[in-house]
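Contents: one structure, followed by commentary.
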Amino acid sequence: MGEQAGQAFGIDIGGTGIKGAIVDTTTGHLVTERTRILTPHPATPDAVAAVVARLLTAASWQGLVGATFPAVIQHGVAQSAANVDPSWIGTDVDACFTAAAGGANEVIVLNDADAAGIAEARFGAARGVGGVVILLTFGTGIGSALLIDGALVPNTELGHLELDGHDAEKRAAASVRDEHKMSYKKWALRVQEYMRHVERLFTPDLFVVGGGVSKDAAKWVPLLQLKTPVKAAELLNDAGIVGAAMAAAERRGE
Ligand code: BGC
């Protein structure tokens, strides 16, 4: 399928899978089914770029592409590698993926939590919410997106705040719950301690909590005692794909 007005291809790059679909950027809906390819190991830039190219070829897509990446992405260049191969640091990911995609494809890459924040602000839990919104994603690490009246401040990296002398994501990520077989009740106390810290620093108007654990939101979100209202992310599995496509479309429109 060639490029159509109001559409972009969204790709969500994670530690286990790389998923993609065509997105209607006016509604935030997926136009095609999601395709998922296992993340290669080692997940080096060239190996991941080859998967990006496969997804685009499989969809016969030519045009605008947005992709998430779980690291700091400043103007297309990866600047950190907390949970990814260190060879990404300093890689121009936009250029690497655009070259691998070939043809008329132009790939724009952004941080995974930032993409989820954009998707939730346009179509999900933070839709129409003014003021300061902080989205936190709980997965292998903790990702964050800071939005002010719907506009994103990129690369906030609040998962790496210090908590009790530790990197916060090493205490409160969803992977820590899995690793230590913690109940939601026990893990929610850690999340609460972390979110209170974020609350003290930013006084947000709304927290949105996402990541894989948002599907079980009813088991832990009501346990959080915070001053700030907390909503579960609404786009679940699609937040990355939709947010990446939206970011690419918005960047093109600038
Ligand atoms: C990374 C962030 C990322 C988050 C969620 C953190 O370890 O530093 O860039 O957004 O994990 O994947």
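The values are calculated or read from the model by the stated rules, or taken from the named source; none is laboratory data. This structure is a prediction, so every number in the text was calculated from the model and none was measured. Every residue, glycine among them, receives a Cβ derived from its backbone with ideal geometry; neighbour counts consider all protein chains shown. The accessibility values were calculated without ligands, DNA or RNA, using every heavy atom of the protein model including side chains. Shrake-Rupley method; radii C 1.70, N 1.55, O 1.52, S 1.80 Å.
How many angstrom separate the Cα center of segment 103-178 from the Cα center of segment 206-254?
If we compute the Cα centre of each part, the gap is 8 Å.
Inverting the mean 1/r over all pairs of different Cα atoms, compute the Kirkwood radius of the chain and quote it in Å. Mind showing how you got there, number by number?
On the way: mean 1/r = 0.0553 Å⁻¹.
It works out to 18.1 Å.
Given the options Glu169, Glu199, Glu33, which has the most mean-square fluctuation in a GNM of the chain, springs set between C-alpha atoms less than 10 angstrom apart?
Its mean-square fluctuation being the largest, the pick is Glu33.
Per the helix-only calculation at 222 nm, which mean residue ellipticity applies to the chain, given -39500 (n - 2.57) for every DSSP H run of n ≥ 4 and division by its residues, nearest 500 deg cm²/dmol?
On the way: 8 runs with 84 residues, N = 254.
It comes out at -10000 deg cm²/dmol, rounded to the nearest 500.
Among all the aspartates and glutamates, which ones have a C-alpha under 17 Å from Lys170's C-alpha, if same-chain residues fewer than 8 places away are not counted?
Answer for Lys170, where 17 Å is the Cα cut-off: Glu157, Glu162, Asp178, Glu179, Glu193, listed by chain and number.
Among His180, His75, His197, what's the order by accessible area (1.4 angstrom probe), most exposed first?
Values: His180 115, His75 165, His197 45 Å².
Highest to lowest solvent-accessible surface, that is His75, His180, His197.
For each pair in Lys19/Lys181; Lys185/Lys215; Lys181/Lys227; Lys19/Lys219; Lys186/Lys231; Lys19/Lys186, compute the distance between the two Cα atoms and list the pairs where it is over 25 Å.
Details: Lys19/Lys181 28 Å; Lys185/Lys215 16 Å; Lys181/Lys227 28 Å; Lys19/Lys219 27 Å; Lys186/Lys231 20 Å; Lys19/Lys186 32 Å.
Cα-Cα > 25 Å for Lys19/Lys181; Lys181/Lys227; Lys19/Lys219; Lys19/Lys186; rest within.
Let me check I've understood the local charge: for Gly124, count other residues with C-beta under 12 angstrom from its C-beta, Lys and Arg +1, Asp and Glu -1. What total comes out? Working shown, then result.
Working: positive: Arg122, Arg127, Lys231; negative: Glu120, Glu234, Asp238.
So the surrounding residues net to 0.
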